[in-house]
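Only one structure is covered here, and it is reproduced in the block below.
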Protein chains: 2
Amino acid sequence: MNRPLVLRALGLVLLFEAGSLLPALGIALYLQEKAYLAFVLTILLLTFVGLPLSRRQIPVSDVGYREGFVIASASWLLMALFGALPYLVSGAIPGFIDALFEAMSGFTTTGATVLKDIESLPKSILFWRSTTHWLGGMGIIVLTLALIPSLKIAGLKLFRAEVPGPNKSKVLPRVAQTARELYKLYIIVTVACLVALKIAGLNWFDSFIHTFSCVGTGGFSNYNASTGALNNPAAEYIMIFFMFICGMNFTLHYHAIRGNFSPLWRDPETKLYLAVTLTACLFISINLVSMLGYSVGTALRQSAFQTVSILTTTGLTTADYTLWPTFSQGVIFLLMFIGGCAGSTAGGIKNVRYLILAKSAFRQVAKLIHPKAVIPVRLGRSVISEELVENVQSFFFLYFGLLFLCTLMITAMGVDLFSALSAVASSLGNVGPGFGMVGSTANYTAIPEAGRLLCAICMLIGRLEIYTILVFFSARLWRS
Amino acid sequence: MNRPLVLRALGLVLLFEAGSLLPALGIALYLQEKAYLAFVLTILLLTFVGLPLSRRQIPVSDVGYREGFVIASASWLLMALFGALPYLVSGAIPGFIDALFEAMSGFTTTGATVLKDIESLPKSILFWRSTTHWLGGMGIIVLTLALIPSLKIAGLKLFRAEVPGPNKSKVLPRVAQTARELYKLYIIVTVACLVALKIAGLNWFDSFIHTFSCVGTGGFSNYNASTGALNNPAAEYIMIFFMFICGMNFTLHYHAIRGNFSPLWRDPETKLYLAVTLTACLFISINLVSMLGYSVGTALRQSAFQTVSILTTTGLTTADYTLWPTFSQGVIFLLMFIGGCAGSTAGGIKNVRYLILAKSAFRQVAKLIHPKAVIPVRLGRSVISEELVENVQSFFFLYFGLLFLCTLMITAMGVDLFSALSAVASSLGNVGPGFGMVGSTANYTAIPEAGRLLCAICMLIGRLEIYTILVFFSARLWRS
Ligand SMILES: [K+]
Ligand SMILES: [K+]
């Protein structure tokens, strides 16, 4: 373990967070909100801790994926711990656990909230709250792509060529270059969404808040009734588009904006993602028209928004889907477990993993009929390694294992089984809203405090794709 | 595909079913119940169809596992179709789908019922209903062990030596020998349970019904309030013991009754099974004492009965667990997904699969830290093949994939999401009772007819361990 490198990276992360607080501070000063003091204090604290760490000398040798796992896990933890301070110090959220929950929910782009009356909060606090989504979204794209060869997520080919072989010291420059390319792309998408929402008639503040939510697939809104409060169909369509875009693999966008569309057309994960979206949208629309008598237009718009919002694990809502017919609820519940694509800001199990799982299962049946047949698992034109297949299969098991274990812990706090299950599923998938006590219009205060802390931990585990956090807490890592 | 062999085997199965109807016919004649006509008719029909098939000449060559898959799938289907006739013809269950549901529930040892007033039925019909459990339990033990090398279920060593290599023609005599040994064992356990229950004070009829339920881990009772109606703690303890025994791998019993206890003590699956039982029982007891103020004795007895009944996927109940505190409900819900041991009459995913899944997941984390390490998955002293690991992982994926898909189909019929989820989970795991609309005291009539048919299909898929039925419906099988 290269400790100096890890500490220096974490120092830089903290300084970056300090800088990210400046826009919220600016808003507080401009609107003369008292919360400015909370921002100043947090910025000073972050600088005080981050600056000495960032000045450390680092040896170039012996830098590998192990350091990446530690940096990723510790970054999200530290960002959330310090990011909770503005809520706590300003008094917007009294209580450390709740402030941490809100910050973790923000940075993991989950969007679950403990706030009962969002609209009563200072605008600067709401802006910081949504900024955390944007930062979290940026972080996860870079993390996923940087750690890709070790996390073994398939279908990401852009930076494959730069992946170093046995020479570990090349990891750092590669991460840096990867990051630079993707920051640019992420900012382009952000600006496009922001401008589009402004043109659709939203004010700048609403545009910023909803852009951060869509681009980071986060889910925080500045209205108690979420996006529904805007009552702006044009803005809804724009958000559907951007949520969908941000649930896709960003390397495909990277090629597309350079005029190379063939990776996009050929990508099997994108095809599945699109197919799931269209199927779910169609099924829910038919269900809403036939059961609730909605007009086709309304049904399509509401179903498209909720489908894309839940599938991309954004969690913004324009309708209370817990009041929909049971079938539509079932579809929404299922979407929570699917999620977006690898290399996006979306959470969940992700489409590419389902492709690999389905193909491997299909192969098992074929092998039972022809025991001697050797059948590789293919994704598009490439053959998936057996190691990756097992990695994905274990991921699936760990995901459901964690889901059941944490659900059980929350039922022990007196929460009913289905609410507990949906709260954990929503947290682990970084979705935000769930069913029952944590339905689309509810907040997480119905879950006891210990349960909220557990949900926050699930958000972190889900965001870091389970393995990262398991490696971080593995005694084996710290011994080696 | 060796068609003559398959047809002959199915003919023998039908004749066997005809013979199995004789005790119920005897009871009908003795008690002068009109249902005797339904039994006579079914027996004649089974003989009429089965006899010509069983007389077919079979070529000895080219007999393999493919035939095994077809025989297994078709046997359960035919047994249930013909086994539904007594219900239908006697008028005990009007409606073909419901009669089929009850028969399928019986033969798959699920124990879910569509009967609203069980106690009003003729005793001969109730006896036949419970006989199906006993037959299903016997069938599954033989099936699992006979098809073991192809289904790749680990931990079953007894008949390993007799597994033929490339010489396919040895499958048939091996199956026959395996079957003979296990029939004996199964009958010994049955007689022991029957006598024990009689001594505990039950009448012969109640003893038979509950023995069939315990030994087949079935769940049908002859009382509307299930085993609770007996109000006999001694009988409850006896049933706990026999349900637990029948949820264990029968090959371990085979060794044990010959005085060789070391396979039993060393078996990792049995250790996990015992650990799960004790942990769940303890947790629920504490929960019942602290939340409902039960005495320690009552809490232990109720928790032990319900824990063992659900874990072994029997489904008999002495208490309505849906009225227990949420944590106890959560534990019961989780147990439904665990199930018993491989090579038992129990359903569910099974303990040995969880052992393999957990060890493989642990290895994934170790591999991320030491990418070059080669770490085999061990079970006790033996190393598990990579093929088996992937087989188990795909099983887990298919299980949850089917669970979600069928749940969605049942929500489309207007059933609430959690009831639909628990009905499918209970059917797929061959448990019987569930939560919500299909709670421990409820029957399946709250689910629409199409949903009941789907549940019956899930029971069959679950009983045949998914792969068997997938192979059966695979076009590849019939082409080759
Ligand atoms: K979200
Ligand atoms: K059962």
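The values are calculated or read from the model by the stated rules, or taken from the named source; none is laboratory data. All figures in this text were calculated on a predicted structure; none of them were measured in a lab. FYI the Cβ positions are ideal-geometry reconstructions off the backbone, even for glycines, and counts take in every protein chain you see.
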- Message: So in the stretch A:110-133, with the set limited to residues that are small (Gly, Ala, Ser) and away from ligand 1 (no atom under 13 Å from the Cβ), which one is nearest to the other protein chains (Cβ to nearest Cβ)?
- Response: A:Ser120
- Item | Flag for A:Arg378 being part of a helix (DSSP H, G or I), of a type in the set (D, E, K, R), at pLDDT below 90 and out of contact with any Ser or Thr (no Cβ under 7 Å at 6 or more places or on another chain) | no
- Would you tally the residues in the stretch A:377-404 being buried (at least 20 other Cβ atoms within 10 Å of the Cβ) and of a type in the set (Ser, Thr, Tyr)? 2
- Those residues of the stretch B:437-480 which are more than 12 Å from every other protein chain (Cβ to nearest Cβ) and among the acidic types (Asp, Glu), in sequence order: B:Glu449
- Residues in the stretch A:212-247 that are within 16 Å of ligand 1 (Cβ to nearest atom) and under 21 Å from A:Thr277 (Cα atoms): how many? 16
- Task: Only one of these is small (Gly, Ala, Ser), within 13 Å of chain A (Cβ to nearest Cβ) and away from ligand 2 (no atom under 16 Å from the Cβ): B:Ala280, B:Ala304, B:Ala319, B:Ala299. Name it.
- Result: B:Ala280
- In the set B:Arg266, B:Arg301, which member is farther than 24 Å from B:Arg353 by Cβ, surrounded by fewer than 24 Cβ atoms within 10 Å (Cβ to Cβ) and among the charged types (D, E, K, R)? B:Arg301
- Message: I want to confirm something. Restricting to the stretch B:190-235 and keeping residues that are of a type in the set (A, V, I, L, M), away from ligand 2 (no atom under 16 Å from the Cβ) and touching a helix residue (DSSP H, G or I) at 6+ places or on another chain (Cβ under 6 Å), which single residue is nearest to the other protein chains (Cβ to nearest Cβ)?
- Response: B:Ala235
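Identify all residues within the stretch B:367-417 that are at positive phi and more than 7 Å from every other protein chain (Cβ to nearest Cβ); write none if there are none.
The one that is at positive phi and more than 7 Å from every other protein chain (Cβ to nearest Cβ): B:Gly380.
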- Test A:Thr407 against the criterion of being of a type outside the set (A, V, I, L, M, F, W, C), modelled with pLDDT under 95, away from ligand 1 (no atom under 15 Å from the Cβ) and under 23 Å from the mean Cα position of the chain (by Cα), and give yes or no. no
- Task: Please find, among A:Arg174, A:Arg160, the residue that is modelled with pLDDT of 60 or more and of a type in the set (Lys, Arg).
- Result: A:Arg174
